[in-house]
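Student: Structure provided below as structure tokens; questions to follow.
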Amino acid sequence: MKYPLFKRVAAEAFGTFWLVFAGTGAIVIGDTTGALSHLGVAAVFGLVVFVMISAVGDISGAHFNPAVTIGFLCAGRLPLSDVAPYIVAQVGGALLASFTLLALFPAHATMGATLPAGGALQSWLLEVILTLGLMYVILAVSTGARERGITAGLAIGGFVALAAAFAGPVSGASMNPARSIGPALASGHWASLWIYLTAPLLGALLAVGACACSREPGCCRFPARAG
């Protein structure tokens with residue numbers, strides 16, 4: 001069943017809200033209370049992705065990420081008409097989550113913003129590689145532009161938790177422009193945002209090419225053909 005666009009857009013906004021609210025909220029609460037370790041934060045990101053894919057994957061595909069939406073477009077699995085509404089919904093959900101956290105925890109300095117721990121180039125390259133891996137997994141376990149079922153949620157949520165566990169201390173392991181835009185605007189930490197806008201997009205495009213080269217014929221059309 002294909003849901004109307006307004007329902008798919010609402011599902012994207014809802015899922016992205018929870019991704020950012022729970023994921024960056026875990027960072028904020030961990031910093032505030034000391035109750036969550038770095039690995040605890042990584043687990044929260046993985047769990048919220050799994051739960052939200054299970055909840056709305058059959059409605060919108062549970063992208064929650066502009067880079068993933070653009071990746072599906074370039075793979076020929078999503079119509080161009082869906083891209084702008086999806087991205088607006090994802091960014092809107094992320095902003096609502098971050099400003100909700102700001103209202104709850106106004107003293108926190110960064111609101112869970114993704115900030116490079118080392119050099120900008122190091123974090124940019126790491127984000128490209130991480131998003132390549134994430135997008136490849138998503139393409140491998142999805143049907144069309146939709147992630148469905150327990151297997152998809154486990155695979156994608158597991159990759160997000162894995163990436164956050166080992167790369168989070170270096171680049172933040174965002175892999176998602178919307179996830180980075182929300183906290184950056186809420187906290188005023190703009191300087192490094194370009195990393196998290198450009199690197200995930202390149203990583204997603206590279207993943208589409210890798211999928212087209214390594215998986216069954218017709219898995220991905222790169223570049224996408226009209227229609």
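The values are calculated or read from the model by the stated rules, or taken from the named source; none is laboratory data. Owing to the predicted nature of the structure, the values given are computational and were not obtained by experimental measurement. So basically every Cβ, Gly included, is an ideal-geometry build from the backbone, and we count neighbours across all protein chains shown. For accessibility, only protein heavy atoms count, side chains too; no ligands or nucleic acids. Shrake-Rupley method; radii C 1.70, N 1.55, O 1.52, S 1.80 Å.
Student: At 1.4 Å probe radius, can you tell me the per residue accessible area of region 23-83 in Å²?
Tutor: Each residue of region 23-83 exposes 35 Å² on average to a 1.4 Å probe.
Student: Still on this structure, I have one more. Have a look at Gly57, Ala42, Ala165 and report the one farthest towards the positive end of the charge dipole of the chain, computed about the Cα centre with Cβ charges (Lys/Arg +1, Asp/Glu -1).
Tutor: Farthest along the dipole direction, towards plus: Gly57.
Student: Along Cα→Cβ, 7 Å out, is where each label goes; now give me the distance between the ones at Leu80 and Thr33 in nm to one decimal.
Tutor: Here the modelled spin labels are 4.8 nm apart.
Student: Using a 1.4 Å probe and counting only protein heavy atoms, arrange Tyr196, Tyr136 so the residue with the most accessible area comes first.
Tutor: Tyr136, Tyr196
Student: I've got another one for you. Within the chain, what is the longest stretch that has no trypsin sites (Lys or Arg not before Pro) placed in a DSSP loop and near at most 14 other beta-carbon atoms within 10 Å?
Tutor: 3-214
Student: Given H placed 1.01 Å from N in the peptide plane, which residues other than close sequence neighbours of Thr143 have an amide H under 5 Å from its amide H?
Tutor: Residues meeting the criterion, in which the H sits 1.01 Å from N, are Arg148.
Student: Shifting gears a bit: Using a Gaussian network model of the chain with C-alpha springs under 10 Å, which one of Leu115, Leu73, Leu193 is most mobile by mean-square fluctuation?
Tutor: Largest GNM mean-square fluctuation: Leu193.
Student: Explain nothing, just compute: Karplus ³J(HN,Hα) = 6.51 cos²θ - 1.76 cosθ + 1.60, θ = phi - 60°, for every residue of region 182-190 in order, whole Hz, x for Gly and Pro.
Tutor: For region 182-190, the Karplus-derived couplings read x, x, 4, 6, 5, 9, x, 8, 9 Hz, x marking Gly and Pro.
Student: A further question follows. Under unit Cβ charges (Lys, Arg +1; Asp, Glu -1), what dipole magnitude, rounded to 20 debye, does region 54-183 have relative to its Cα centre?
Tutor: For this selection, approximately 60 debye.
Student: With +1 assigned to the C-beta of every Lys and Arg and -1 to the C-beta of every Asp and Glu, and no other charges, what is the dipole magnitude of the chain about the Cα centre in debye, to the nearest 20?
Tutor: The dipole of the chain has a size of about 520 debye.
Student: Output ³J(HN,Hα) for region 110-121: one whole-Hz value per residue in order, computed from phi by the Karplus curve 6.51 cos²θ - 1.76 cosθ + 1.60 with θ = phi - 60°, and x for Gly and Pro.
Tutor: Listing the rounded values in order: 10, 6, x, 4, 7, 10, x, 7, x, x, 5, 5 Hz.
Student: Given the rule -39500 (n - 2.57) for each run of at least 4 DSSP H residues, summed and divided by the residues of the chain, what is its mean residue ellipticity at 222 nm, to the nearest 500 deg cm²/dmol?
Tutor: Dividing the helical sum by the residues of the chain leaves -25000 deg cm²/dmol.
Student: Report the residue, chosen from Ser54, Ser180, Ser98, that carries the largest GNM mean-square fluctuation when the chain is represented by alpha-carbon nodes joined by springs under 10 Å.
Tutor: In the Gaussian network model the winner is Ser54.
Student: Oh, and also: For a quick check: with amide H placed at 1.01 Å from N, whose amide H comes under 5 Å from Gly61's, ignoring anything fewer than 5 positions away on the same chain?
Tutor: Long-range HN contacts for Gly61: Glu147.
Student: Now for a different question. Over the chain, with a Gaussian network built from C-alpha contacts below 10 Å, which listed residue (Phe105, Phe14, Phe64) shows the highest mean-square fluctuation?
Tutor: Phe105
Student: Ordering Leu162, Leu134 by accessible area with a probe of 1.4 Å, largest first, what comes out?
Tutor: Leu162, Leu134
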